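One structure is given here, and the rest of the page talks about it.
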Amino acid sequence: MGKHCYEVSHNYSRPCSQEGEPCPLEEVIRTGKPTTVMHIHCTCEHEEHVQISAAPIMDEDGEVVYMGETICPINDHQNEDPLLIGHSPSILKLTSILYRVAPTSSTVLLLGDSGSGKDCAARYIHQQSSRSNKPFIVVDCGALGDSLIESELFGYEKGSFTGANQRKIGLIETANGGTLFIDEIGELPSHLQTKLLRVLETGTIRRIGGTEYINVDVRIIAATNRDLQHMVQEKTFRQDLYFRLSAFPINLPTLKERKQDIPELAEYFLKHIEEGEQQIPLSTDVIEKLLIYDYPGNVRELRNIVERAVILAAGNAILPDFIVFEHEPDLYEVEQHAAPVREPSSFSSSRITTEDVLDALYKTGGHRAEAAQLLGVSERTVYRHIKNMEQPH
């Protein structure tokens with residue numbers, strides 16, 4: 001074709017490594033060893049996650065002369081909403097880790113600040129596992145009182161206590177064959193930590209008031225924003241349970257660590273808010289304001305800010321003044337320390353038009369990614385304008 005791989009697969013004008021993505025070719029040539037990376041590739045219709053496995057081919061002197069590469073598209077459930085949104089290196093690395101652990105039977109411990117998307121990560125693991133057609137059951141230990149957690153998890157037999165008028169099947173039993181996601185595992189009372197440990201060790205449960213043990217086949221994914229190792233030292237969390245849960249710990253990045261995903265996340269939230277889709281694409285001034293904030297509440301806080309902005313806009317275009325942060329950053333600090341969010345352009349705060357997109361594509365030689373960066377919008381927004389131009393009018 002006379003084109004580099006990064007032009008075909010990414011619509012980039014320069015190598016992946018200069019766009020923040022690991023380049024398997026460069027890695028194999030540099031180390032002489034196989035490597036596996038996660039990329040987002042452009043197809044004729046959409047973007048998709050792919051896992052790339054690359055290996056060196058040596059000559060007689062042991063020098064790398066070629067690279068063999070296998071590209072495996074990942075089932076992203078195209079008919080469903082995506083669970084992991086963004087193109088930043090940290091979100092691609094997270095996707096790769098989740099994809100690798102998903103087909104295994106390992107217990108997974110998701111660690112991260114509140115609002116960082118631990119529930120989405122758990123659902124992604126379930127979707128990519130062999131259990132995807134079985135139940136995905138969620139229990140939030142932080143939302144249930146101590147007296148309710150046990151009956152919710154393990155169920156009970158009729159007559160086991162006052163008010164138990166019939167048998168109740170617990171959430172562990174309900175998840176049989178599938179996945180049980182235990183959120184805020186650090187809130188689990190100590191006596192239930194012992195019972196959960198038995199489930200992990202024996203694959204059996206006993207309902208409250210029951211006399212028989214029941215076999216269950218459940219994969220457990222736990223999540224917490226607390227320091228479980230410190231809780232073990234303080235003897236408020238069982239050490240043996242911690243070791244069972246942390247067979248495969250995964251740290252989720254904060255939104256502050258993946259700021260380049262903010263425009264794409266904001267537009268995703270707008271699509272799911274009443275009267276929000278008409279706000280797409282966001283103006284460059286709005287995106288610039290979204291990017292100056294550090295989001296202590298992470299993705300959840302961004303969603304609330306976007307929803308608030310739609311309400312304040314009252315059917316009109318979202319303006320920078322409608323982006324209201326919970327804790328406004330000091331303006332002097334922002335001016336001194338905020339990194340530039342995009343290259344300067346001639347675009348005003350007005351809505352991006354098809355003519356703007358055409359102009360940007362002309363300036364960037366037809367590269368969608370560079371045009372999106374110039375406009376300060378996501379590449380998906382540029383692609384949407386291109387598709388609209390292709391439709392007969």
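Some points to look at:
- Pairs where the first residue, in the range 229-252, is touching a residue at least 24 places away in the same chain (Cβ under 8 Å) and the second is among the small types (G, A, S), C-beta under 6 Å, 6+ apart: L245/A222; A247/S106; F248/S106; L252/G112; L252/S116
- Selection status of D227, among the acidic types (D, E) and farther than 17 Å from S190 by Cα: no
- Residues in the range 336-375 that are modelled with pLDDT under 75, within 30 Å of the chain's Cα centre (by Cα) and either over 23 Å from G86 (Cα atoms) or among the small types (G, A, S) (or both): H337, A338, A339, S349, G366, A369.
- Exactly one residue out of K134, K168 is at pLDDT below 90 and surrounded by 15 or more Cβ atoms within 10 Å (Cβ to Cβ): that is K168.
- Candidates L196, L148: the one that is under 28 Å from the mean Cα position of the chain (by Cα) and among the aliphatic types (A, V, I, L, M) is L196.
- Cross-chain or 6+ apart pairs with Cβ under 6 Å, the range 276-287 first and within 17 Å of V382 (Cβ to Cβ) and in contact (Cβ under 8 Å) with a residue 60 or more places away in the chain, then charged (D, E, K, R) and part of a helix (DSSP H, G or I): I280/E267
- Condition check for V218: buried (at least 19 other Cβ atoms within 10 Å of the Cβ), in contact (Cβ under 8 Å) with a residue 40 or more places away in the chain and either in contact with a Pro (Cβ under 6 Å, 6 or more places away or on another chain) or of a type in the set (A, V, I, L, M) (or both): yes
- Check on I250, outside any helix (DSSP H, G or I) and at pLDDT 95 or above: yes
- Hey, E173 closer than 27 Å to Q128 by Cα and without any contact (Cβ under 8 Å) to a residue 24 or more places away in the chain or not: no
- Residue check, D183 within 24 Å of the chain's Cα centre (by Cα) and either of a type in the set (K, R) or modelled with pLDDT of 90 or more (or both): yes
- Scan the range 230-275 for residues that are farther than 18 Å from V286 by Cβ and hydrophobic (A, V, I, L, M, F, W, C) and the total you get is 10.
- In the range 123-176, the residue that is farthest from I85 (Cα to Cα) out of those that are aromatic (F, W, Y) and touching an Asp or Glu at 6+ places or on another chain (Cβ under 9 Å) is Y156.
- Taken over the range 306-319, the criterion of being more than 16 Å from Y268 (Cα to Cα) and either among the β-branched types (V, I, T) or exposed (fewer than 15 other Cβ atoms within 10 Å of the Cβ) (or both) is satisfied by I311, L312, A314, G315, N316, A317.
- Counting residues in the range 260-274 that are in contact (Cβ under 8 Å) with a residue 60 or more places away in the chain, of a type in the set (A, V, I, L, M, F, W, C) and within 30 Å of A369 (Cα to Cα) gives one or more.
- Looking across the range 198-252, just one residue is aromatic (F, W, Y) and under 16 Å from L180 (Cα atoms), and that is F248.
- Of the residues making up the range 3-37, those that are in a helix (DSSP H, G or I) and either under 18 Å from H87 (Cβ atoms) or not assigned by TED's automatic domain parsing to the domain that holds V64 (or both) are C5, Y6, E7, V8, S9, H10, C16, S17, Q18, E19, P24.
- All positions within the range 232-255 that are farther than 16 Å from T107 by Cα and exposed (fewer than 13 other Cβ atoms within 10 Å of the Cβ): Q233, E234, K235
The values are calculated or read from the model by the stated rules, or taken from the named source; none is laboratory data. The structure presented is a predicted model; accordingly, all values stated were derived computationally and were not measured. When we count neighbours, we look across all protein chains shown, and the Cβ atoms used for this are built from the backbone with ideal geometry, even at glycine.
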